[in-house]
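The values are calculated or read from the model by the stated rules, or taken from the named source; none is laboratory data. Everything quoted here is computed from the prediction, not taken from an experiment. As a convention, Cβ positions derive from the backbone with ideal geometry for all residues, glycine included, and neighbour counts pool all protein chains shown. Remember, those area values only see protein heavy atoms, side chains included, never the ligands or the DNA or RNA. Shrake-Rupley method; radii C 1.70, N 1.55, O 1.52, S 1.80 Å.
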Number of protein chains: 2
Amino acid sequence: MLRSIGRQWRCSVAFQCPCLCPARQQLPLAPSSVGRAISTSVGQQLKAQQQQQLQEQQQQQQMHKIDEEVSRLLALKAKLGGDAAPANQKFTLKTPKGTRDYAPQQMTLRQGVLDKIVQVFKRHGGEAIDTPVFELKEVLTGKYGEDSKLIYDLKDQGGEILSMRYDLTVPLARYLAMNKISSIKRYHIAKVYRRDNPAMTRGRYREFYQCDFDIAGTYDPMLADAECVKIVAEVLDTLDIGDYVIKLNHRQLLDGMFEACGVPANNFRAICSAVDKLDKSPWADVRKEMVDEKGLDGATADKIGEYVRLSGGAELVEQLLADEKLKAVPNAVKGLEGMQLLLKYCSLFGLEERISFDLSLARGLDYYTGVIYEGVLKAEPSAPASPVKELHNGDQALEQSSTVGSVAGGGRYDNLVGMFDPRGKAVPCVGVSIGVERIFSVLEAKFAASNVKLRTNDVEVYVASAHKGLHEQRLRVLNQLWNAGIKAEHSYKLNPKLLVQLQHCEEHQIPLAIVLGDAELAQGIVKLREVTTRQESNVNLADLPNEIRRRLQK
Amino acid sequence: MLRSIGRQWRCSVAFQCPCLCPARQQLPLAPSSVGRAISTSVGQQLKAQQQQQLQEQQQQQQMHKIDEEVSRLLALKAKLGGDAAPANQKFTLKTPKGTRDYAPQQMTLRQGVLDKIVQVFKRHGGEAIDTPVFELKEVLTGKYGEDSKLIYDLKDQGGEILSMRYDLTVPLARYLAMNKISSIKRYHIAKVYRRDNPAMTRGRYREFYQCDFDIAGTYDPMLADAECVKIVAEVLDTLDIGDYVIKLNHRQLLDGMFEACGVPANNFRAICSAVDKLDKSPWADVRKEMVDEKGLDGATADKIGEYVRLSGGAELVEQLLADEKLKAVPNAVKGLEGMQLLLKYCSLFGLEERISFDLSLARGLDYYTGVIYEGVLKAEPSAPASPVKELHNGDQALEQSSTVGSVAGGGRYDNLVGMFDPRGKAVPCVGVSIGVERIFSVLEAKFAASNVKLRTNDVEVYVASAHKGLHEQRLRVLNQLWNAGIKAEHSYKLNPKLLVQLQHCEEHQIPLAIVLGDAELAQGIVKLREVTTRQESNVNLADLPNEIRRRLQK
């Protein structure tokens, strides 16, 4: 067996020789030799085109040969035993770094949060979609700037090259372009993957849920944008996890402000991503990054510093519209006029107390083109030693003392869908993503502190035996209840002790128990017991489902 | 650039030459040469051990070299352009092979199915858990037999070696062992990943949902097993996708039957996996596989053929308990006694018409140790040209004409958790997995045929403008409705045409519309319109939420 593999392996090298030929074939002809051979310019272009086609073909062939060779090597490895089970399972039992299991208690909490969020999304007319957990790697390429290094890739097992989705926004854009959809109001709740440094107690994972709501379509300014801000407020209100503020800003204003301060246009994104760190680092550090790492001169940085410390409401927009430096920059004026309209709509939505126009808000991702916003939880002043704050011990200046971090964010991205369309057809989009992991963390800490035990199943009735030999009777009663749609369970022991059965009911907060006994069964009745009060009464077997429903409605 | 790659490539072959050396090194020494060199039996054993160690080392080295070579080839491929961002997005926009997006229409269908399944799981006291989408590769290793080659691996990006989950059963076993949980009744609904040959119209995908319910714990025989069969029946009843049968069998009986027929013990699993193909291939083909590929002698295969054509109920168990050959094999008797008990409990659950004890049922996975079952949809005799059957065109003998395929399956696996426990502590388990993708396919085909348009959002009220200049009024009314918990939307245009707005309501089956006009607003009233009847009436703005609720309850 091994010998034959060995021979096959040698043959494949001898006959296919992928190592020598194709690498040579693909060497481009030196431009000079092409130039000498052809005289007319059209002929040159034609020839060059043919050359390029030939090169591309050869490159494709080479890559194909590499694929074949890789498959052959991997098959060989598999036969050698590379994928075989270890003789004894000695490895540490754990979930992958930065991931976790959800136990029933956590699932109950999580499902409660997700249900509430979906309710808000549906209240605004959202439709659900879903996309695969991985995408062709090319779909994600060039969308995330510096963060691309955090993308999980799948192993090349001899097929397409795939990567795990990094967010739900790029898959949405791919979905819209692929299906030529020009308007949709969709929500998507699913896990995304980032090879980031996990900080699990603060809800930062490598596998985590995103809950996104996006409005795609060509509409009048700020109507959809303001609704997204309203949705953030409704979600945070309904989850009731503490006081919050929604910071608002505008990418066009940021660009205009950079221009007004004298930042070179090709440095806008880099400076923007430095500003983005202001929620975690003091100005001095951010200024240092601008000057030392990003080559800005100190005076320009200081001008930026003047602006980014500003926050307020409609009066701040007025003030900036009158600012001599900004007034001269069309982008800044457009951004400010946008903010003016947004603030007006937000006030019609009753959000005045919840929002803050904040020039330090920048958002990390490259693809935003207009309004950006972020929902931030404030620390509770009444509970200085709350579990939420304790979780931050050991982090230096990672959070400002007044906030416990961002739990929602989003903005307008008008060009992303166009990046996928062969003719560049744009579909303007605006959306919001709820950072539920952080919300789960806050709620888990709250629950841990409160000692409340969440029920993790919905069993309504437990069917118990008062004495031995009744398991078949139990199965008959259970069948009757299940068929009537009642949630019921029993012990999977033939002859469990009555006390153990009743304890199970109390521990699991099951409201009702049925106790079967020969004496009662002979008369066609059973005992129905209310678990908390321990009151029992006799019920006719035939009337059992109805009687249980009556009790549960109380 | 290309030239330098070419050189590097040639160098790697020249210096490492993995193609010739390792394949030779690994050739085992012929036994005769070992025998000649050593005289004592202890010495022989020692020498043999050393030989084995040497061979293992060499094998390791070889595998390592293959890994290096594969990495080098893939790096070369990446440099050739495999991983770089294309200058313009010219690649075909698609989802990865074997995967699909779910559009809102499909999501509505899917959510309906999953909700019904969860309802059944909760009726039986199930608690939800969730696990990460990938596991340490070691967790999956050695659990799936021949199917291991279908596992998706993640790229080694300098951390743990990860694989995508292949089912939800192995992650459950890992979860139980890791958390030392000895009893749970859990359900888990999540996607799993298999690099199988997709057949998308029949619901076979590379990314697909599984809906699992499992009962873990040390209990009395068949009580939990029978409940799992009951759950399959309840799920298929509630989904109402056509007539079905639940086939039952027992791995111990299969093993006993193989033993009785004269199959060598080390060939049980291989023969079992041949029997497993009987639902897709005729006996002649399966017999051929047993004899030609798996080395069984023809007479033994024929004996197996006699048994696997049997199916029936309790009377068949009686008949087999009296069978001379089986009676003599303890495993067969134990399996039959188990079946007897299972059939009795199933009959107490009212399942007699739904189940069939079927000796041809084998199930593919290695880890089953007891009862196995499979829910199979029967073809509808009244609809010979139904979409479901049409989907099978082009497949030769893949399905028997009387069934459209398995939509649920499961069984008992008592040793899987123990494989993860350092001390091998076992937690007996039995469970069932619902094959929802197949069910989605059936339902999608049904819906496509019926021309019924599912609503994909839940909007209750559309807020419309009768004329220009009312967008701020619309926002105020929307805010009032949203704050009252009413699902409402409007056009994101400042001045949409009334007809367009009303058409939107009819197209999207929105039951109610509010029409704003200056004249009415001046009196504090709005028009409330029932979309289907087109009847309108005036309503006081202050009373609007209550009036809408009244209308919706009708």
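Does any residue of the stretch A:522-534 turn out to be assigned to a strand (DSSP E or B), open to solvent by 10 Å² or more (accessible area, probe 1.4 Å) and closer than 24 Å to A:L454 by Cβ? Please lay out each step first, then the result.
Residues of the stretch A:522-534 assigned to a strand (DSSP E or B): A:525-530.
Keeping just the survivors that are open to solvent by 10 Å² or more (accessible area, probe 1.4 Å) gives A:525, A:527, A:529-530.
Checking which are closer than 24 Å to A:L454 by Cβ leaves us with A:529-530.
The answer is yes; a qualifying residue exists.
Do we find that A:D225 is within 14 Å of another protein chain (Cβ to nearest Cβ) and either in contact with a Lys or Arg (Cβ under 7 Å, 6 or more places away or on another chain) or buried (at least 24 other Cβ atoms within 10 Å of the Cβ) (or both) in this structure?
Numbers: within 14 Å of another protein chain (Cβ to nearest Cβ): yes; either in contact with a Lys or Arg (Cβ under 7 Å, 6 or more places away or on another chain) or buried (at least 24 other Cβ atoms within 10 Å of the Cβ) (or both): yes.
Answer is yes for this residue.
Of the conditions (1) charged (D, E, K, R); (2) within 14 Å of chain B (Cβ to nearest Cβ); (3) under 20 Å from A:D414 (Cα atoms), A:E234 fails just one. Which one is it?
Condition not satisfied by A:E234: (3).
Could you tell me which residue of the stretch A:475-491 is nearest to the other protein chains (Cβ to nearest Cβ), considering only residues that are open to solvent by less than 10 Å² (accessible area, probe 1.4 Å) and outside any strand (DSSP E or B)?
It comes out as A:L475.
Does the stretch B:398-412 contain any residue that is modelled with pLDDT of 95 or more and touching a Pro at 6+ places or on another chain (Cβ under 8 Å)?
Looking through the stretch B:398-412, at least one residue is modelled with pLDDT of 95 or more and touching a Pro at 6+ places or on another chain (Cβ under 8 Å).
Considering the stretch A:103-134 alone, what residues qualify as being more than 19 Å from B:Q111 (Cα to Cα) and either more than 7 Å from chain B (Cβ to nearest Cβ) or open to solvent by 10 Å² or more (accessible area, probe 1.4 Å) (or both)?
Those that are more than 19 Å from B:Q111 (Cα to Cα) and either more than 7 Å from chain B (Cβ to nearest Cβ) or open to solvent by 10 Å² or more (accessible area, probe 1.4 Å) (or both): A:A103, A:P104, A:Q105, A:Q106, A:L109.
From A:L254, A:L278, grab the single residue that is modelled with pLDDT under 95 and crowded, with 19+ Cβ neighbours inside 10 Å.
On the way: A:L254 fails: modelled with pLDDT under 95.
So the residue among A:L254, A:L278 that is modelled with pLDDT under 95 and crowded, with 19+ Cβ neighbours inside 10 Å is A:L278.
Yes or no: A:G98 part of a loop (DSSP other than H, G, I, E, B) and facing chain B (nearest Cβ under 7 Å)?
Numbers: part of a loop (DSSP other than H, G, I, E, B): yes; facing chain B (nearest Cβ under 7 Å): no.
It is false that A:G98 is part of a loop (DSSP other than H, G, I, E, B) and facing chain B (nearest Cβ under 7 Å).
With the structure loaded, tell me whether B:R202 is surrounded by fewer than 24 Cβ atoms within 10 Å (Cβ to Cβ) and in contact (Cβ under 8 Å) with a residue 40 or more places away in the chain or whether it fails that test.
In short, yes.
Does any residue in the stretch A:98-112 that is of a type in the set (A, V, I, L, M, F, W, C) come within less than 7 Å, Cβ to Cβ, of a residue that is part of a helix (DSSP H, G or I) six or more places away or on a different chain, and which pairs are these?
A:L109/A:F440; A:L109/A:L443; A:L109/A:E444; A:L109/A:F447
Taking the stretch A:298-320 as the search range and keeping residues that are surrounded by 12 or more Cβ atoms within 10 Å (Cβ to Cβ) and closer than 11 Å to A:V263 by Cα, which one is nearest to the chain's Cα centre (by Cα)?
A:I304
Pick from B:L343, B:L365, B:L336: which is open to solvent by 10 Å² or more (accessible area, probe 1.4 Å), assigned by the TED database to the domain that holds B:K303 and in a helix (DSSP H, G or I)? Write out each step before concluding.
Working: B:L365 fails: in a helix (DSSP H, G or I); B:L336 fails: open to solvent by 10 Å² or more (accessible area, probe 1.4 Å).
Testing whether each residue is open to solvent by 10 Å² or more (accessible area, probe 1.4 Å), assigned by the TED database to the domain that holds B:K303 and in a helix (DSSP H, G or I) leaves just B:L343.
Here's a check for you: in the stretch A:201-234, which residue that is among the hydrophobic types (A, V, I, L, M, F, W, C) and within 16 Å of the chain's Cα centre (by Cα) is farthest from A:Y166 (Cα to Cα)? Steps first, please.
Going through the stretch A:201-234, the residues among the hydrophobic types (A, V, I, L, M, F, W, C) turn out to be A:208, A:211, A:213, A:215-216, A:222-224, A:226, A:228-229, A:231-233.
If we keep only those that are within 16 Å of the chain's Cα centre (by Cα) too, we end up with A:208, A:211, A:213, A:232.
Working: A:F208: 10, A:C211: 13, A:F213: 16, A:V232: 21 Å.
Top of the filtered list is A:V232.
Which is within 12 Å of chain B (Cβ to nearest Cβ) and open to solvent by 50 Å² or more (accessible area, probe 1.4 Å), of A:H504, A:H467? First the steps, then the outcome.
On the way: A:H467 fails: within 12 Å of chain B (Cβ to nearest Cβ).
None of the other options fit; the residue is A:H504.
Out of curiosity, is A:A445 of a type outside the set (D, E) and either in the same structural domain as A:S537 (by the TED database) or outside any helix (DSSP H, G or I) (or both)?
When the stated conditions are applied, A:A445 does not pass them.
Before we move on, is B:V417 of a type outside the set (K, R), closer than 30 Å to B:T99 by Cβ and open to solvent by less than 50 Å² (accessible area, probe 1.4 Å)? If you could, list the steps in order and put the result at the bottom.
Numbers: of a type outside the set (K, R): yes; closer than 30 Å to B:T99 by Cβ: no; open to solvent by less than 50 Å² (accessible area, probe 1.4 Å): yes.
Spelling it out, it is not the case that B:V417 is of a type outside the set (K, R), closer than 30 Å to B:T99 by Cβ and open to solvent by less than 50 Å² (accessible area, probe 1.4 Å).
Quickly run through the stretch A:324-333 and pick out the residues that are surrounded by fewer than 17 Cβ atoms within 10 Å (Cβ to Cβ) and either outside any loop (DSSP other than H, G, I, E, B) or in contact with a Leu (Cβ under 8 Å, 6 or more places away or on another chain) (or both). Walk me through it before giving the result.
First pass over the stretch A:324-333, keeping only residues surrounded by fewer than 17 Cβ atoms within 10 Å (Cβ to Cβ): A:324, A:327-328, A:330.
Correct list: A:E324, A:K327, A:P330.
Given the criteria closer than 15 Å to A:S465 by Cβ and not in a strand (DSSP E or B), does A:P496 qualify?
Numbers: closer than 15 Å to A:S465 by Cβ: yes; not in a strand (DSSP E or B): yes.
Yes: the conditions hold for A:P496.
Open to solvent by less than 10 Å² (accessible area, probe 1.4 Å) and not in a helix (DSSP H, G or I), is that true of B:I271?
It is false that B:I271 is open to solvent by less than 10 Å² (accessible area, probe 1.4 Å) and not in a helix (DSSP H, G or I).
On the given criteria, is A:A270 more than 30 Å from the chain's Cα centre (by Cα) and hydrophobic (A, V, I, L, M, F, W, C)? Before the answer, list the steps.
Working: more than 30 Å from the chain's Cα centre (by Cα): no; hydrophobic (A, V, I, L, M, F, W, C): yes.
In short, no.
If I ask for residues that are open to solvent by less than 90 Å² (accessible area, probe 1.4 Å) and touching a Leu at 6+ places or on another chain (Cβ under 9 Å), which ones from the stretch B:535-554 would you list?
B:E536, B:S537, B:V539, B:L541, B:L544, B:P545, B:E547, B:I548, B:R551, B:L552
Among the listed residues A:Y166, A:Y219, A:Y209, A:Y193, identify the single one that is open to solvent by 10 Å² or more (accessible area, probe 1.4 Å) and within 30 Å of A:V133 (Cβ to Cβ). Working first, answer last.
Details: A:Y166 fails: open to solvent by 10 Å² or more (accessible area, probe 1.4 Å); A:Y219 fails: within 30 Å of A:V133 (Cβ to Cβ); A:Y193 fails: open to solvent by 10 Å² or more (accessible area, probe 1.4 Å).
Selected residue: A:Y209, the only one of A:Y166, A:Y219, A:Y209, A:Y193 that is open to solvent by 10 Å² or more (accessible area, probe 1.4 Å) and within 30 Å of A:V133 (Cβ to Cβ).
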